[in-house]
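The values are calculated or read from the model by the stated rules, or taken from the named source; none is laboratory data. Everything numeric here is computed off the predicted structure, so don't read it as measured data. So basically every Cβ, Gly included, is an ideal-geometry build from the backbone, and we count neighbours across all protein chains shown. These area figures cover heavy atoms from the full protein model, side chains too; ligands, DNA and RNA do not enter into them. Shrake-Rupley method; radii C 1.70, N 1.55, O 1.52, S 1.80 Å.
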Amino acid sequence: MSKRSKGGDKRGYRPATQVVLAGRDPFEHQGFVNVPIYRGTTVLSPDVEHFLGKKGRYVYGRRGTPTTEALAEAIASLEGGAGAALTPSGLSAITTALTTVAHAGDHILMADTVYGPTRHFCDTLLKRMGVEVSYYDPVIGAAIADLMRPNTRAVYLESPGSLSFELQDVPAIAAAAKSRGAAVLMDNTWATPLYFRPHDHGVDVSIQAGTKYLGGHADLNLGTISATDEFWPQIKETTGTLGLCPGPEDAFLALRGLRTLAVRLERHMQSGLKIARWLAGRPEVLRVLHPALETHPQHAIWKRDFRGACGLFSIVLKPCAQAAVAALVDGLELFGIGASWGGYESLAIPFDCSKFRTATKWNPGGPTVRFHIGLEDPDDLIADIERGLKRLAAA
Ligand SMILES: *Cc1c(COP(=O)(O)O)cnc(C)c1O
């Protein structure tokens, strides 16, 4: 390492500095600012002894390359974990984390508001593996203790909840779970480690769909799993055993996304809040489901635990026909209709949670629409939604 090397621990710096420095040592790459794309499977050894003794830093493409290692190191540093594993999608990060901790005969507790495909995995493959899953009200807090059984191996959280944005009391739930020996897993995609650091609040395994804000440009799928000292060896072992590795271009693009994450998120937050507040004042809107608004039922938790909010939130419209909701969404010029979020572009989708919730009742009082606020000028977005609300009223 040269005198000007910027390698080493970046954890002492503030998040906006960390995202610029983490996982990057230009003087390991001839001075080039970015870690290049290493595309490769075979890694050659200079002799038999080196090969048989597995003496090389890299042994095989699937087990890690300088590109993927740079990203993993950056994520571990941002999360404050002992290590981080990378997987080819957010969903595979979730399924890997769950299969690591839950074994046949175990019971796990899942927030009723988890991301739909997480729920599907629990109700199908995980069940077939002999793991019993029960769903709990996400706002249960310390009373989660009453739902714990002798074989409860893990408590899984996602805060805020997918589509509906309930916030969980993570420290209270984590403390109750830990006192009974259960692992605490959390999907932290909404906040990213810049706005909420799960390990600081008692979470053992912190999961992110890097697909969303880390990638930031709607052009890659990626998952990250950060774990504490206690859980990192197991997470690393399962990821390796399952043979999971992201492609080199995706790892490179995620590193590129990481460098601008702090500024992008701040803009998503500011524009999202501006539009959420504007929507809250509209006569067509019954409620805005945004954790950073004072009217959110768990706003106090957001203030206590979070450093910011991203650009994703939902609204509840006053009762109206589905055709009126379609008139609002269909005519939007700046909002695409599509799954995923976290890219630079705005999105809007109608949704209905009543079809899958089992531990809670979804009765919002009117039709619901989720918005992802992108990086466009927020005043253009407001004008677009305003025209949409006029179409809704006229329908
Ligand atoms: C999108 C998303 C995932 C899954 O990420 P993929 O890369 O699409 O598999 C997981 N959790 C949350 C909260 C998400 O929004």
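Details
- Of all residues making up the range 117-138, the number that are open to solvent by less than 40 Å² (accessible area, probe 1.4 Å) and either among the small types (G, A, S) or not in a strand (DSSP E or B) (or both): 9
- Qualifying residues in the range 96-115 (those that are of a type outside the set (A, V, I, L, M, F, W, C) and either crowded, with 24+ Cβ neighbours inside 10 Å or more than 12 Å from the ligand (Cβ to nearest atom) (or both)) - the one farthest from G215 (Cα to Cα): G105
- Residue match in the range 291-298 (condition: open to solvent by 20 Å² or more (accessible area, probe 1.4 Å), more than 16 Å from the ligand (Cβ to nearest atom) and of a type in the set (D, E)): yes
- Residue match in the range 190-200 (condition: within 13 Å of the chain's Cα centre (by Cα), aromatic (F, W, Y) and open to solvent by less than 10 Å² (accessible area, probe 1.4 Å)): yes
- The residues in the range 221-247 that are touching a helix residue (DSSP H, G or I) at 6+ places or on another chain (Cβ under 8 Å), away from the ligand (no atom under 16 Å from the Cβ) and either open to solvent by less than 10 Å² (accessible area, probe 1.4 Å) or among the basic types (K, R) (or both) can be counted, and the count is 2.
- Taken together, the residues in the range 286-321 that are assigned to a strand (DSSP E or B) and among the aromatic types (F, W, Y) amount to 1.
- Restricting G215, G223 to those that are closer than 19 Å to Q18 by Cα and small (G, A, S) reduces the list to G215.
- Qualifying residue in the range 205-218 (condition: surrounded by 23 or more Cβ atoms within 10 Å (Cβ to Cβ), aromatic (F, W, Y) and either within 11 Å of the ligand (Cβ to nearest atom) or assigned by TED's automatic domain parsing to the domain that holds R307 (or both)): yes
- Put simply, of T368, T358 the only residue that is open to solvent by less than 30 Å² (accessible area, probe 1.4 Å), among the hydroxyl-bearing types (S, T, Y) and in contact with a strand residue (DSSP E or B) (Cβ under 7 Å, 6 or more places away or on another chain) is T368.
- Take the conditions (1) open to solvent by 30 Å² or more (accessible area, probe 1.4 Å); (2) within 22 Å of L312 (Cβ to Cβ); A142 misses just one of them, which is (2).
- Residues considered: L265, L279, L273, L255. Of these, the only one that is open to solvent by less than 50 Å² (accessible area, probe 1.4 Å), in a helix (DSSP H, G or I) and closer than 30 Å to R63 by Cβ is L255.
- Of all residues in the range 49-88 being over 14 Å from G23 (Cα atoms), in contact (Cβ under 8 Å) with a residue 60 or more places away in the chain and in a helix (DSSP H, G or I), the one that is most open to solvent (accessible area, probe 1.4 Å): R63
- Single residue of the range 159-189 satisfying the filter (farther than 29 Å from I315 by Cα and in a helix (DSSP H, G or I)) that is most open to solvent (accessible area, probe 1.4 Å): S179
- Hits in the range 145-158 (condition: open to solvent by less than 20 Å² (accessible area, probe 1.4 Å) and either touching an Asp or Glu at 6+ places or on another chain (Cβ under 8 Å) or of a type in the set (F, W, Y) (or both)): T152, A154, Y156, L157, E158
- Cβ separations smaller than 7 Å between residues 6+ apart or across chains give the following pairs from the range 336-365 residues that are in contact (Cβ under 8 Å) with a residue 24 or more places away in the chain and part of a loop (DSSP other than H, G, I, E, B) to residues that are open to solvent by 60 Å² or more (accessible area, probe 1.4 Å) and within 14 Å of the ligand (Cβ to nearest atom): S340/A218; G343/H217; G343/A218; Y344/H217; E345/A218.
- Test: residue in the range 314-329 that is within 16 Å of the ligand (Cβ to nearest atom), modelled with pLDDT of 95 or more and of a type in the set (S, T, N, Q): yes
- A residue that is away from the ligand (no atom under 16 Å from the Cβ), touching a Lys or Arg at 6+ places or on another chain (Cβ under 9 Å) and of a type in the set (D, E) occurs somewhere in the range 382-394.
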